[in-house]
Each structure stands twice: as C-alpha cells, then as structure tokens.
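Here's the structure we're looking at; comments come further down.
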Amino acid sequence: MSEIINQKKQKLTNNQGNILAIDVSTRNYHVALSPNNSSIVYEISRKDCELEDFFTLTEQILKRTEIQLKNIESIICSRGPSSFTGVRKNLTVLSALNFKDTYKIFTISDLAAQSYGASLKSKAETVLLANDAKRQQVFFAVYQFKKNNRVCCLVEDSIVRPEDVVNPIMVKNQSICFAGNAWGKYRAKFPKSLRKMPLVKIDPVLPSTLISLSQSYPTLMEPANKSTQPNYLRHPVN
C-alpha cells in the first residue's frame, strides 16, 4: 500500500541540509522530509501502525524526494512530556536510525511544539499551555513567539497541580491564548483569573510542524544522542 505524500510550503527556505522528522508516539505514524534549499516539506502518514510500517513510510518518502538516507543531515522528533510509551518509542526509533552516529539528532519539547501550533492558529504571541498529566496534575508551560524569530520560555515545562499554576507577568496589550485539554478538565481548580479565558484547540503536532519550528525558532531544538532521556517530568512509576 502506498500512501499519499502531502506537500506543505513553509515560510522559510531550508538551508540546513536534508531534514527528516518523525513521530511514532501513537499508533498513527508520520514522517516528513525537508530537502535542502527548498521551502517544501513532504509528509506521509499511516494509521494503526506497527513498527515495521515506519521504515516503509520512510522508504516511500525518500523515493518520492529522490534523497538517500545517507544524505540526510539531521533528524528531529519530540521528546515529551506526554505519553511515557510514546516518548520512548520516538527516541528508540531515533537511536535505531542513528546507530552509526551518522546524523545530527535533535529533539523538541512537546509543549513547545504544541504552543507553536497554537500560536500559528490563533496569531497570539504568548501561549499558556496546560495538558492533563493525570493524577490531578497538569503539564504546564508558557512560550512567547516573537516575529523576529526570537522565542522566550516564560515558564519552563513543568508538572504542577492546577491550583498552583501561576499567571506569568507579561507586557500590557500582549496577545495571549490558552491551549491544552487541562483548562477544561480542571477549570474549577485553576486560579480564578485563568478560568474564563478563551481556548484554542490544539491540532496534533505533525513532523512537518517540527521542521517548521526548527527553521523559525532553532533555539528550541536540543541536540540528542543515544543516552538522551525522555522528558517525563516525573518518574514513570510514580
């Protein structure tokens, strides 16, 4: 079976070599490729996958772009915080691809990537993101995306109780949006000043979004290696 390979035009032209981005954190797999000196990102997806499907999808997108795996410059994936199993799968596949240390490997925070998507969708500069972390806790972060390709992390990725979320100090008249599934689930537990803010629905973060984010805000990328650990924010068994 051969899936449709979508083409997405990015605002910036990629001049960092051929970039591969992956997401195997759920049963729906996604692979994206940005050729060097191009503003087009190619992306392929398949639902209800097994691990071997990832290599099939990667082979299809390499064939479509006429790029060999050995000519990939860097590979990107998200590192959490999110599902324990999903984060581990992403990093395991990343390590398998780079078992000979052939590529530059980077990871991006799930919360940063979701905030970036919410910022693009809402046109807001500052995003307060809160995702349900179970056990009456939330994954919380605040990112500010500026037009000059500068990004500020006003509140670092954290895991807190909803009632302990702090509204960061921001400049007057700054455009703000709230995103994440925890705002609705724990609305009554958040501080009163944060309970009635309009929410922006988060779309799934696809590898093409990771590539776009890496081009627009490269400081959010963290170099990774075989010993890189998932960003759980708490021990998996706690």
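Miscellaneous remarks
- When each of Lys70/Lys226; Lys147/Lys172; Lys104/Lys185; Lys146/Lys189 is checked by Cα-Cα distance, pairs over 29 Å: Lys104/Lys185; Lys146/Lys189
- The stretch 13-48 versus the stretch 85-151: alpha-carbon centroid distance in Å: 15 Å
- For the stretch 111-200, alpha-carbon Rg and Dmax in angstrom: 12.2, 39
- Inter-label distance, nm, simple model (7 Å from Cα along the C-beta direction), Lys70/Ile159: 4.3 nm
- Pair Lys123, Thr92: separation of 7 Å Cα→Cβ label points (nm): 4.4 nm
- Expressed as a whole percent, the proportion of Cα-Cα pairs in the chain lying more than 29 Å apart is 29%.
- Exposure proxy ranking, count of Cβ atoms within 10 Å, fewest first, for Met197, Met221: Met197, Met221
- Helix axis angle, 84-97 relative to the chain longest principal axis, alpha carbon, degrees: 30 degrees
- Residues Arg79, Arg46, Arg27, sorted so that the one with the fewest Cβ neighbours within 10 Å comes first: Arg27, Arg46, Arg79
- In the chain, the longest principal axis of the Cα atoms and the axis of helix 51-65 are about 70 degrees apart.
Read the figures in this text as sums done on the coordinates, not as results from a lab. Everything quoted here is computed from the prediction, not taken from an experiment. Cβ atoms come from the backbone with ideal geometry, glycine included; neighbour counts cover every protein chain shown.
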